[in-house]
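A.B. asks: Below is the structure I would like to discuss, written out as structure tokens.
The values are calculated or read from the model by the stated rules, or taken from the named source; none is laboratory data. These numbers come from a predicted model, not from an experiment. All Cβ positions, glycine included, derive from the backbone under ideal geometry; neighbour counts span all protein chains shown. All accessible areas refer to the heavy atoms of the entire protein, side chains included, with ligands and DNA or RNA removed. Shrake-Rupley method; radii C 1.70, N 1.55, O 1.52, S 1.80 Å.
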Amino acid sequence: MPGPLPDGEPVPGDGSLPAAALTDVGARGFGVYVHVPFCASRCGYCDFNTYTASELGGGASREGYADAVLAELALAARVLDNPPARVDTVFVGGGTPTLLDPDDLARILEGIDATWGLAADAEVTTEANPESVTPRSLQRLRKAGYTRISLGMQSAAPGVLQVLERRHTAGRAPQAATEARESGFDHVNLDLIYGTPGESAEDFAASLAAATGAGVDHVSAYALIVEDGTRMAARMRRGELPYPDDDVAADRYLAADAALGAAGLSWYEVSNWAATPAARCRHNLLYWTGGDWWGLGPGAHSHVGGVRWWNVKHPAAYAARLADGVSPGQARELLTETDRHTEDVMLRVRLADGLPLAALDAPGLAGARRAHDDGLLDPAAYAAGRVVLTLRGRLLADAVVRDLLP
């Protein structure tokens, strides 16, 4: 999902959208994102919009959360009075969605289906921390219609998990992945983080081996990013932990691509590898290719027809607005053609399918030529009229994007 947004204009109380945004909803696909803002504990590197029980305060609870989401869904149905043909993807993220009872997650999915209709082949994903699921809960989620699960493994090294302040033991994530496959999930993803202070090359190799050995068909691997305001950032400022090293991160990425490729997984986005085209995360591809989606939940972002908005962050404020019949939207922005072009280039360049050269203006074409001559773009794809990153180009993807958007 796109990063931090500037202050925008107010969202109308009824959540209504400009008429122009509603003319062709779902033309590039339509998805629903559901944010579940609860966690059992806060990891030291995390700056997501999540709350532990002690941080939550009054006015919101896990038990009443599904009802609040369904209330926003009812508002959304009124706004999209000319709804998309179908919901192609649903992604329940967090936080830790699986801290909710499976029955609540089922009710939310049923509400989406009743409101807009799930496509027969809809991809329905939930994120989960490995310690928050059991064989029984996984079976209940699968029966409710969830087809894909994304487990936050991060590492197989106990010392790395300790630095990240993760709660699960080193072997729990692969075990949970096996349980998910045995429960009938069509697709199972494991998330890895590399570049954690103290992580050795051997630690990361063991994490890759554990992930591929679990028989999953998708792996995401992200370099550690230290965000201001987190406990990890404070520890680094105090000198308790070293800052991440870019050269080490590059070495880890190369190791990931080699190990995952050897296990039969191919990259389709700079940080994502899948065993088959069907195993690619369709919901994320919808984000990356300019589709429409409605984000339900506190702090959730939405995009419909070139209008992007985001909800109030705190669960209590979110629930209170909905109880008053008011949109939980905090602010919104209307994307200009330049905005949309910029985001299209930024996101599509990171995909294995790349970007048509025809989508670039004259300065962008000159930048593409430089990137090609520097070995950052695939020569065959370039000759065929597309911008596709080489392995070295993936390491320098941000620099390539800057050169394409002068």
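A.B. asks: Return the only residue of 27, 76, 71, 60 being hydrophobic (A, V, I, L, M, F, W, C), crowded, with 17+ Cβ neighbours inside 10 Å and at pLDDT below 95. Give the derivation first.
C.D. replies: Numbers: 27 fails: crowded, with 17+ Cβ neighbours inside 10 Å; 76 fails: at pLDDT below 95; 71 fails: at pLDDT below 95.
Answer to the selection: 60.
A.B. asks: Please indicate, with yes or no, whether at least one residue in the stretch 377-393 is closer than 26 Å to residue 22 by Cβ and either without any contact (Cβ under 8 Å) to a residue 60 or more places away in the chain or not aromatic (Phe, Trp, Tyr) (or both). Steps first, please.
C.D. replies: Looking only at the stretch 377-393, we keep the residues that are closer than 26 Å to residue 22 by Cβ, and these are none.
Among the residues of the stretch 377-393, not one is closer than 26 Å to residue 22 by Cβ and either without any contact (Cβ under 8 Å) to a residue 60 or more places away in the chain or not aromatic (Phe, Trp, Tyr) (or both), which makes the answer no.
A.B. asks: Step by step: first the residues of the stretch 388-400, then only those that are part of a helix (DSSP H, G or I) and open to solvent by less than 20 Å² (accessible area, probe 1.4 Å), then the one that is nearest to residue 337 (Cα to Cα). Which residue is that? It would help to see each step written out before you state the result.
C.D. replies: Residues of the stretch 388-400 part of a helix (DSSP H, G or I): 391-395, 397-400.
Now narrow it down to the ones that are open to solvent by less than 20 Å² (accessible area, probe 1.4 Å): 393, 397, 400.
Values: 393: 27, 397: 23, 400: 21 Å.
It comes out as 400.
A.B. asks: If you check residue 153 against the conditions, is it over 26 Å from residue 258 (Cα atoms), open to solvent by less than 10 Å² (accessible area, probe 1.4 Å) and either without any contact (Cβ under 8 Å) to a residue 60 or more places away in the chain or in a helix (DSSP H, G or I) (or both)? Even if it seems obvious, please write down each step before you answer.
C.D. replies: Values: over 26 Å from residue 258 (Cα atoms): no; open to solvent by less than 10 Å² (accessible area, probe 1.4 Å): yes; either without any contact (Cβ under 8 Å) to a residue 60 or more places away in the chain or in a helix (DSSP H, G or I) (or both): yes.
Spelling it out, it is not the case that residue 153 is over 26 Å from residue 258 (Cα atoms), open to solvent by less than 10 Å² (accessible area, probe 1.4 Å) and either without any contact (Cβ under 8 Å) to a residue 60 or more places away in the chain or in a helix (DSSP H, G or I) (or both).
A.B. asks: Can you name every residue in the stretch 204-223 that is surrounded by fewer than 19 Cβ atoms within 10 Å (Cβ to Cβ) and of a type outside the set (Ser, Thr, Tyr)? Lay out the reasoning, then the answer.
C.D. replies: In the first step, residues of the stretch 204-223 are kept if they are surrounded by fewer than 19 Cβ atoms within 10 Å (Cβ to Cβ); the result is 205-206, 209, 213, 215, 222-223.
Answer for the stretch 204-223, where residues must be surrounded by fewer than 19 Cβ atoms within 10 Å (Cβ to Cβ) and of a type outside the set (Ser, Thr, Tyr): 205, 206, 209, 213, 215, 223.
Quick grid of which residues meet (1) part of a helix (DSSP H, G or I); (2) surrounded by 20 or more Cβ atoms within 10 Å (Cβ to Cβ); (3) under 21 Å from the mean Cα position of the chain (by Cα); (4) free of Cβ contacts under 8 Å to residues at least 60 places away in the same chain:
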{"residue": "283", "(1), (2), (3), (4)": "yes, yes, yes, no"}
{"residue": "290", "(1), (2), (3), (4)": "no, no, yes, no"}
{"residue": "294", "(1), (2), (3), (4)": "no, yes, yes, no"}
{"residue": "299", "(1), (2), (3), (4)": "no, yes, yes, no"}
{"residue": "303", "(1), (2), (3), (4)": "no, yes, yes, yes"}
{"residue": "309", "(1), (2), (3), (4)": "no, yes, yes, no"}
{"residue": "316", "(1), (2), (3), (4)": "yes, no, no, no"}
{"residue": "338", "(1), (2), (3), (4)": "yes, no, no, yes"}
{"residue": "342", "(1), (2), (3), (4)": "yes, no, yes, no"}
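A.B. asks: Are any residues in the stretch 216-272 over 22 Å from the mean Cα position of the chain (by Cα) and among the charged types (D, E, K, R), and if so, which ones?
C.D. replies: Scanning the stretch 216-272 gives 231, 235, 237, 238, 240, 245, 246, 247, 251.
A.B. asks: Do the conditions hold for residue 353, that is, is it within 24 Å of the chain's Cα centre (by Cα), surrounded by fewer than 16 Cβ atoms within 10 Å (Cβ to Cβ) and outside any helix (DSSP H, G or I)?
C.D. replies: On the way: within 24 Å of the chain's Cα centre (by Cα): yes; surrounded by fewer than 16 Cβ atoms within 10 Å (Cβ to Cβ): yes; outside any helix (DSSP H, G or I): yes.
For residue 353, the condition - within 24 Å of the chain's Cα centre (by Cα), surrounded by fewer than 16 Cβ atoms within 10 Å (Cβ to Cβ) and outside any helix (DSSP H, G or I) - is met.
A.B. asks: Please verify whether the stretch 374-387 includes one or more residues that are modelled with pLDDT of 95 or more, assigned to a strand (DSSP E or B) and closer than 30 Å to residue 116 by Cα. Show your work before the answer.
C.D. replies: The initial filter retains those residues of the stretch 374-387 that are modelled with pLDDT of 95 or more, namely 374-387.
The next check asks that each one be assigned to a strand (DSSP E or B); those that pass are 377, 386-387.
Filter again for closer than 30 Å to residue 116 by Cα, leaving none.
Within the stretch 374-387 (the criterion being modelled with pLDDT of 95 or more, assigned to a strand (DSSP E or B) and closer than 30 Å to residue 116 by Cα), the answer is no, since none of the residues qualifies.
A.B. asks: I would also like to ask the following. I need the full set of residues from the stretch 42-57 which are open to solvent by less than 50 Å² (accessible area, probe 1.4 Å) and of a type in the set (A, V, I, L, M, F, W, C), in order please.
C.D. replies: 43, 46, 56
A.B. asks: While we're here: Specify the residue that is farthest from residue 289 (Cα to Cα); the eligible residues are those in the stretch 356-366 that are in contact (Cβ under 8 Å) with a residue 24 or more places away in the chain and open to solvent by 50 Å² or more (accessible area, probe 1.4 Å).
C.D. replies: So, considering only residues that are in contact (Cβ under 8 Å) with a residue 24 or more places away in the chain and open to solvent by 50 Å² or more (accessible area, probe 1.4 Å), the one farthest from residue 289 (Cα to Cα) is 363.
For every residue, the table says whether it meets (1) without any contact (Cβ under 8 Å) to a residue 60 or more places away in the chain; (2) outside any helix (DSSP H, G or I); (3) of a type in the set (Phe, Trp, Tyr); (4) more than 26 Å from residue 316 (Cα to Cα).
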residue: 58; (1), (2), (3), (4): no, yes, no, no
residue: 66; (1), (2), (3), (4): yes, no, no, no
residue: 70; (1), (2), (3), (4): yes, no, no, no
residue: 75; (1), (2), (3), (4): no, no, no, no
residue: 109; (1), (2), (3), (4): yes, no, no, no
residue: 160; (1), (2), (3), (4): yes, no, no, yes
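A.B. asks: Follow-up. Looking at residue 14 and the list (1) part of a loop (DSSP other than H, G, I, E, B); (2) of a type outside the set (Lys, Arg); (3) in contact with a strand residue (DSSP E or B) (Cβ under 8 Å, 6 or more places away or on another chain), which single condition is not satisfied?
C.D. replies: (3)
A.B. asks: Continuing with the same structure: Report whether or not residue 163 is under 20 Å from residue 41 (Cβ atoms) and modelled with pLDDT of 95 or more. Full working, then the answer.
C.D. replies: Values: under 20 Å from residue 41 (Cβ atoms): yes; modelled with pLDDT of 95 or more: yes.
Yes: the conditions hold for residue 163.
A.B. asks: Run down 121, 88 and say which single residue is among the acidic types (Asp, Glu), out of contact with any Cys (no Cβ under 9 Å at 6 or more places or on another chain), at pLDDT 95 or above and surrounded by fewer than 18 Cβ atoms within 10 Å (Cβ to Cβ).
C.D. replies: Values: 88 fails: surrounded by fewer than 18 Cβ atoms within 10 Å (Cβ to Cβ).
Of 121, 88, the one residue that is among the acidic types (Asp, Glu), out of contact with any Cys (no Cβ under 9 Å at 6 or more places or on another chain), at pLDDT 95 or above and surrounded by fewer than 18 Cβ atoms within 10 Å (Cβ to Cβ) is 121.
A.B. asks: What's the total number of residues in the stretch 206-248 that are assigned to a helix (DSSP H, G or I) and touching a Ser or Thr at 6+ places or on another chain (Cβ under 7 Å)? Even if it seems obvious, please write down each step before you answer.
C.D. replies: Taking the stretch 206-248 first, the residues assigned to a helix (DSSP H, G or I) are 206-213, 231-237, 246-248.
Then drop every residue that is not touching a Ser or Thr at 6+ places or on another chain (Cβ under 7 Å), which leaves 207.
Count: 1.
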